[in-house]
Amino acid sequence: MRPFQFHSPSNAAEALQKHSKDQKTHYLGGGTNLIDLMKEDVERPDHLIEVADLPFKEITQTANGGLMLGATLNNTETANHRLVRKNYPLLTMAMLSAATEQIRNMATNGGNLLQRTRCPYYFETSMPCNKREPGSGCGALNGANSKSALFGWSESCVATHPSDMCVALAALNAKVHVEQADGKSRVIPFTEFHRLPGDQPEKDTNLETGELITGIELPESEFPDHYYYYKVRERSSYAFALVSAAVGLKMQGNTITKAGLALGKVAHKPWKLEKVERYLEGKEASLSTFEAAADLAFEDVQPLSKNEYKIELGKKTLVQALVRAAARS
């Protein structure tokens, strides 16, 4: 056990003030990722600030017809909330495919966004990992990289983001609300929240030091009828995806009028398919259209030495998600 300070503030202002710029400080939600990393001696915080009991546990309707998901509400309650199930079933489907019920009961919405982008080398402290120890090298770059990134990787890191919830949030064009110690707040488009590794793979997000997530905003529902989250994994439960696809379609007859698409486990962040979204608008929903969309999604792919199989797997995953979303009525 490595010693650390622990605080359990009663409100957000106190939590923000307790955050230390001079020590390695983490906010602690459900602990489903951070505590595991501490047990493995991968994360070694000097200071933990418990935020799970802060009053961000509500789901409320916004003025523009969307929803605000409280950051400290757990994943189970969020996925099963009547308004989420009714208006954002894609999010419910993605969230319920993750982990186990026991973990979803503990994991918070804000914590889900902040789980570490990682690969097996990150957990193995005897191996090099720039994310865990900047400057030590990336063991997976020329090593065991069969589950690593296809897009956006750098020589510093080829890890993938593990979340299912975040893939759906990217497809739904969500926004993240955060507060700062000076009392100010800001709203971050979801596509700008997580970052690619570049030469600083130790930074998973574009949060500034000490910023606290208070909520996740969903825009007005556009895909309540035609949606699908397709997750391909090595076993049927309690496993991260090899590849996943979140698809939301707005349709008039058999014509697609709008699409929200993202891939999971192919990059350091949820991989938003904006070019494919634009391609699909005005197209007829057909297998040939969806296969062309999948080819477009992977046209800039950069496979590593052992993960080229994920290209075809990814294309088929996206096609299946599109077919199943279009078929819903």
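The values are calculated or read from the model by the stated rules, or taken from the named source; none is laboratory data. Please read all numbers here as calculations on a predicted model, not as lab measurements. As a convention, Cβ positions derive from the backbone with ideal geometry for all residues, glycine included, and neighbour counts pool all protein chains shown. Surface accessibility is based on the protein's heavy atoms, side chains included, excluding ligands, DNA and RNA. Shrake-Rupley method; radii C 1.70, N 1.55, O 1.52, S 1.80 Å.
Do you know which of the residues in the stretch 49-82 that are assigned to a strand (DSSP E or B) and out of contact with any His (no Cβ under 6 Å at 6 or more places or on another chain) is nearest to residue 22 (Cα to Cα)? Among them, the one singled out is 50. Note on the stretch 142-164: residues that are within 15 Å of residue 245 (Cα to Cα) and among the aromatic types (Phe, Trp, Tyr) amount to 1. Every condition in (1) surrounded by fewer than 13 Cβ atoms within 10 Å (Cβ to Cβ); (2) without any contact (Cβ under 8 Å) to a residue 24 or more places away in the chain; (3) farther than 24 Å from residue 162 by Cβ holds for residue 14 except the one numbered (1). Within the stretch 250-280, if we keep just the residues that are over 25 Å from the mean Cα position of the chain (by Cα) and touching a residue at least 12 places away in the same chain (Cβ under 8 Å), the residue that is least open to solvent (accessible area, probe 1.4 Å) turns out to be 256.
Considering only residues of the stretch 191-213 that are surrounded by fewer than 24 Cβ atoms within 10 Å (Cβ to Cβ) and of a type in the set (A, V, I, L, M, F, W, C), which is farthest from residue 272 (Cα to Cα)? Let's see the steps before the verdict.
So in the stretch 191-213, the residues surrounded by fewer than 24 Cβ atoms within 10 Å (Cβ to Cβ) come out as 191-192, 195-196, 198-200, 202-212.
Filter once more, so that each one left must be of a type in the set (A, V, I, L, M, F, W, C): 196, 207, 212.
On the way: 196: 13, 207: 19, 212: 24 Å.
This residue is 212.
Residue 125 fulfils the conditions (1) over 27 Å from residue 298 (Cα atoms); (2) β-branched (Val, Ile, Thr); (3) not in a loop (DSSP other than H, G, I, E, B) except for a single criterion, (3).
Scanning the stretch 190-244 for residues that are free of Cβ contacts under 8 Å to residues at least 40 places away in the same chain and of a type in the set (Lys, Arg) turns up 203, 233, 235.
Quickly run through the stretch 281-317 and pick out the residues that are over 23 Å from the mean Cα position of the chain (by Cα), open to solvent by less than 20 Å² (accessible area, probe 1.4 Å) and of a type in the set (S, T, N, Q). 289 - this is the single residue of the stretch 281-317 that is over 23 Å from the mean Cα position of the chain (by Cα), open to solvent by less than 20 Å² (accessible area, probe 1.4 Å) and of a type in the set (S, T, N, Q).
With respect to the conditions (1) among the hydrophobic types (A, V, I, L, M, F, W, C); (2) open to solvent by 10 Å² or more (accessible area, probe 1.4 Å); (3) touching a strand residue (DSSP E or B) at 6+ places or on another chain (Cβ under 8 Å), residue 181 falls short on a single one, namely (3).
Yes/no matrix, rows are residues, columns are (1) among the β-branched types (Val, Ile, Thr); (2) at pLDDT 95 or above:
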{"residue": "228", "(1), (2)": "no, yes"}
{"residue": "232", "(1), (2)": "yes, yes"}
{"residue": "238", "(1), (2)": "no, no"}
{"residue": "247", "(1), (2)": "yes, yes"}
{"residue": "254", "(1), (2)": "no, yes"}
{"residue": "260", "(1), (2)": "no, yes"}
{"residue": "267", "(1), (2)": "no, yes"}
{"residue": "281", "(1), (2)": "no, yes"}
{"residue": "285", "(1), (2)": "no, yes"}
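Cβ-Cβ distances below 8 Å connect the following pairs, each with a first residue in the stretch 131-158 that is farther than 22 Å from residue 313 by Cβ, a second residue that is aliphatic (A, V, I, L, M), and a separation of six or more residues or different chains: 131/159; 132/42; 138/158; 139/127; 154/196; 155/141. Tell me whether the stretch 229-246 contains one or more residues that are in contact with a helix residue (DSSP H, G or I) (Cβ under 7 Å, 6 or more places away or on another chain), surrounded by 19 or more Cβ atoms within 10 Å (Cβ to Cβ) and under 26 Å from residue 64 (Cα atoms). Yes: the stretch 229-246 contains one or more residues that are in contact with a helix residue (DSSP H, G or I) (Cβ under 7 Å, 6 or more places away or on another chain), surrounded by 19 or more Cβ atoms within 10 Å (Cβ to Cβ) and under 26 Å from residue 64 (Cα atoms). Test residue 39 against the criterion of being modelled with pLDDT under 95 and farther than 19 Å from residue 204 by Cα, and give yes or no. When the stated conditions are applied, residue 39 does not pass them. The number of residues in the stretch 31-79 being open to solvent by 40 Å² or more (accessible area, probe 1.4 Å), within 17 Å of residue 103 (Cα to Cα) and touching a residue at least 60 places away in the same chain (Cβ under 8 Å) comes to 1.
In the stretch 124-172, which residue that is open to solvent by 20 Å² or more (accessible area, probe 1.4 Å) and of a type in the set (D, E, K, R) is nearest to residue 231 (Cα to Cα)? Looking at residues that are open to solvent by 20 Å² or more (accessible area, probe 1.4 Å) and of a type in the set (D, E, K, R), I get 147.
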